[in-house]
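Data block below; observations after.
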Amino acid sequence: MSTPSIFTKFFSKKVLTFIVVLVGINFAGHYFFKRFDLTADKRYTLSDTSLSIIKQVNEPLYVDVFLQGNFPGEFKKLQTETQQLLEEYKAYNSNIIFQFVNPLEKEEERDQIMQSFMERGLTPINVTVDDKGKQTQEVVFPWAIVTYNNKSTKVPLLKNMMGASTAEKVVSSVQHLEYAFANAFNTVSKNKERKVAVMKGNGELHDLLMADFIKSVKENYYIGTFTLDSVAKNPNKALKYLNKYDLAIIAKPTEKFTDEEKQVLDQFVMNGGKTLWLVDQVNIEMDSLIETPQNLAFPRDLNINDMFFKYGVRIKPDLIKDIQAIPIALATGKQGSATQYTKFPWLYSPAVYSDSKHPITSNLDMVKFEFANPIELLNNPIKKTVLLHSSKYSRPVGTPIEVNLNMVEDKPEPKEFPIAGSNMPVAVLLEGKFNSVYQNRVLPFKDPSFKAQGKNNKMIIVSDGDVVRNQYDKNYQPLELGYDKWTNNLYANKEFMMNCVNYLLDDNGLINIRNKAVDLPLLDRERVHEEYTYIQIITIGMPLLLLLIFGLLFTFIRKRKYSK
């Protein structure tokens, strides 16, 4: 029997060492978990906030994604990015179980399922699919449903962006995928803790007119009505009860606040309560214009100017007239028995876009305002962040002034809208230690716990109460906040309002995930069309040429080697 050669022994030793090292790496990997994100923008690296949220998921959490089917390239990209993100979540917590389904796979159930989805608020979109030169229309539901312990919530996967192409919408949507899913996971897995008070008693908006907003807030927070009428009877008791809430929303008050009510609200702020003010300083309504074509717009005295002045802002009793405006639909005649409607830009409804990188407004689409007022920032130690402002083609209009619908026929003169310095704030975030409006003043009522200065706090002031107002259908059912049934446009009012609430009440930094930037380069279709032949040569011809050269060179070397 021949003895093994030195080479065989050496080779066997190498194989054995390799196997031992491989087993050791696998054994160590069982105890030490690490994933590597090699993308330049770190799009697959989950934030610490996301990881802390899914860490609390101890039972199966199901994610049904309705992005399965025959889609164009843009939606394939959204589908791929969604899948990769969910795989990242699942890698950190195996309790996260997801699947991609096609809800319209069964043709016989198509209409029934579509109706069921739309009743749940899962609105579809129509996309054009180009298959070998043949174009077909497909219905897509860019939504996901997250379910945990019999509690579920919907996740929008495609952001609405008016005037943007599908590719641009997908890029914007991918940037917010982590926030969308993290927020949904937080909603279904975390018990409600924070309390929100919707203030009443001073002519605020009726609940029906802000029903969609209230419904959305209820998903994450306790919400209730707090009436300031009780202040007149026992102000100290009213303040005590109000202090049990974390956020007070004052939505379009139309009646004066008494000094006692102001002190209650002021001390709520001093005690750390967050406030969201949605205030109109001018008395004019779009509904009244429809009933009476002309009306007088005049300043509204709510007796709260001194509060805002102390906190660092002033809402001017002017109207903002903006060339970048929201269209309104007006009846212009009849065709047969049907009324014909025409869209006109309404210069007193600014179409507000955000250029701020703040998490509340980062990558936010157009927000609809009606009869907004300019906000002046005053000099005091409070930090002020302008969240939204009018366009550079806007100007203030003093009141009182007559407003009528015939103004849609007026052509704005460019000289009326000076470009320099005409951006007027309409939503401002205030942060810092607020001083009481009653500091060094006689108190309207005795308060043993009165504070002249509060702790670090936050409040948001918006100079339009209608920003939270939803429309309703013919059966008086509330429509989605931001949807205009007359023009069939969907604005970002709901996203803006929910971002405001989440920021004011957010302790775990969830809202900050919205600042995550993802770089998805868009395909330049015009350049592809112009350089189509050149691109074909590079992508198809060049690899074939290199393969041919390699084959000829390999054959030549092989023949030369073995011909000797």
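The values are calculated or read from the model by the stated rules, or taken from the named source; none is laboratory data. Remember, it's a predicted structure, so these values are computed and weren't measured experimentally. Here the Cβ is made from the backbone with ideal geometry for all residues, glycine too, and neighbour counts use every protein chain on show. Each accessible area value is taken on the protein alone, full model and side chains, heavy atoms only, with ligands, DNA and RNA left out. Shrake-Rupley method; radii C 1.70, N 1.55, O 1.52, S 1.80 Å.
Taking 23 Å as the straight-line reach from the Cα of K415, the lysines in range (excluding those fewer than 8 positions away in the same chain) are K316, K321, K392. For T227, the amide hydrogen comes within under 5 Å of the amide hydrogens of K200, counting only partners 5 or more places away or on other chains and with H modelled in the peptide plane.
State, to one decimal in nm, how far the label point of T227 lies from the label point of V20, with both points 7 Å from Cα in the Cβ direction. The two pseudo-label positions are separated by 8.2 nm. At full extension, D306 and T45 could sit 89.3 nm farther apart than now, given 0.36 nm per residue minus the alpha carbon distance.
Give me the Kirkwood hydrodynamic radius of the chain, using the inverse of the mean 1/r over all pairs of distinct Cα atoms, in Å to one decimal. Every distinct Cα pair counted, the radius reaches 27.8 Å. The stretch between T339 and T533, if pulled fully straight at 0.36 nm per residue, gains 64.6 nm over its current Cα-Cα span.
Of the solvent-accessible surface of segment 233-277, computed with a 1.4 Å probe over protein heavy atoms with every protein chain present, carbon and sulfur atoms account for 42 percent.
Here the Karplus curve 6.51 cos²θ - 1.76 cosθ + 1.60, taken at θ = phi - 60°, turns the phi angles of segment 440-447 into couplings of 6, 10, 6, 6, x, 9, 6, 9 Hz, with x standing for Gly and Pro. Accessible surface for I557 stands near 100 Å², nearest 10, in the context of the full protein assembly shown (1.4 Å probe).
Need the full-extension length gain, E193 to T254, defined as separation in residues times 0.36 nm minus the C-alpha distance. One decimal, nm.
18.9 nm
When you restrict to C-alpha pairs under 8 Å that are six or more residues apart and normalise by the size of the chain, the relative contact order lands at 13 percent. Taking every protein chain into account, the accessible area of the chain amounts to 55 square angstrom per residue (probe 1.4 Å).
Basic side chains Lys and Arg get +1 at the Cβ, acidic Asp and Glu get -1 at the Cβ, and with that the dipole of the chain about its Cα centre reaches some 2880 debye.
Working from label points 7 Å from Cα in the Cα-to-Cβ sense, the K55 to D410 distance is 5.9 nm. Candidate membrane-span-like segments in the chain, meaning DSSP H helices with Cα atoms spread over at least 27 Å of their own axis and a Kyte-Doolittle mean of 0.0 or above, are 6-31, 542-562, with no membrane implied.
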